[in-house]
1. Once the piece of chain linking T55 and T31 is laid out straight, how much longer is it, given 0.36 nm per residue of separation minus the C-alpha distance between them?
2. At 222 nm, what helix-only mean residue ellipticity would the chain give, in deg cm²/dmol to the nearest 500, using -39500 (n - 2.57) for each DSSP H run of four or more?
3. Treating only the Cβ atoms of Lys and Arg (+1) and Asp and Glu (-1) as charged, compute the dipole magnitude of the chain about its Cα centre; round to the nearest 20 debye.
4. Whats the longest run of the chain with zero trypsin sites (Lys or Arg not before Pro) that are DSSP loop and have at most 16 other Cβ atoms within 10 Å?
5. Eight or more residues apart or on different chains, and alpha-carbon atoms under 26 Å: count the Lys pairs in the chain matching that.
6. Amide H to amide H, which residues 5 or more places from I36 or on other chains are under 5 Å from it, using H placed in the peptide plane?
7. Rounded to the nearest percent, how much of the accessible area of the chain (1.4 Å probe, protein heavy atoms only) is carbon and sulfur?
8. Please report the net charge: other residues with Cβ closer than 15 Å to the Cβ of P67, K and R +1, D and E -1.
Amino acid sequence: YILLGLIIEKVSGLSFEEYVKTKIIEPLSLTNTGIIENRKMVDGLANGYSTNLRTSEKAEYINYYQPLSSGNIYSTTYDLWKFTEAVMNNKLLKEEKTKSIFTSGLVSYGYGWGSRDYDSLLAYGHLGAMNCYVGGITYIPEGEYFIGFLTNDDNTQRYTVA
């Protein structure tokens, strides 16, 4: 994802932050989504924690310029739902490009979206974690179900939750 972010910057002539803002965040009205950077605070952003049965420790400082496009985006479950809906309804990419995301032939993970089988129901999604933040989205086309979760505890069992 770091390489992808650098490619986006080179091809578009924009910073990764500006590209995401003008091509995704603003057109989709994602009002609680953005790029985290070291120089500005994000109001309402929860602290990350590393927990176990006996302790809970605040996450260590992270230089958000290091992960670049591989982990410096914040959002809410509502905005993740709006983003997922936009992807599924071809609002970001043309229909044939969107379809290629899910039919890439890359086994069960292609172009950032994993495919899963939940009791014979096909689902798409992505799980992620960084610096004590954990989250995931799952979309089930049959019934148009969206399941999203975000947590600030690195001990969250993301595969079980998803």
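1. Working: separation 24, 0.36 × 24 = 8.64 nm, distance 3.43 nm.
Difference between extended and current length: 5.2 nm.
2. Numbers: 5 runs with 40 residues, N = 162.
My calculation for the chain gives -6500 deg cm²/dmol from helical runs alone.
3. On the way: 14 positive and 18 negative charges, 55 e Å.
Here the chain has a charge dipole of around 260 debye.
4. On the way: sites that count: R39, R54, K91, K94.
Result, exposed sites excluded: 95-162.
5. So the count works out to 26.
6. I73, Y74
7. On the way: 5650 of 10720 Å².
Within the chain, the accessible surface is 53 percent carbon and sulfur.
8. Values: positive: none; negative: E9, E17, E37, E60.
The answer is -4.
The values are calculated or read from the model by the stated rules, or taken from the named source; none is laboratory data. Quick caveat, the model's predicted, so the values are computed rather than measured. Please note: Cβ atoms are built from the backbone with ideal geometry, for glycine as well, and neighbour counts cover all protein chains shown. Calculation scope for accessible area: heavy atoms of the full protein, side chains included, ligands and nucleic acids excluded. Shrake-Rupley method; radii C 1.70, N 1.55, O 1.52, S 1.80 Å.
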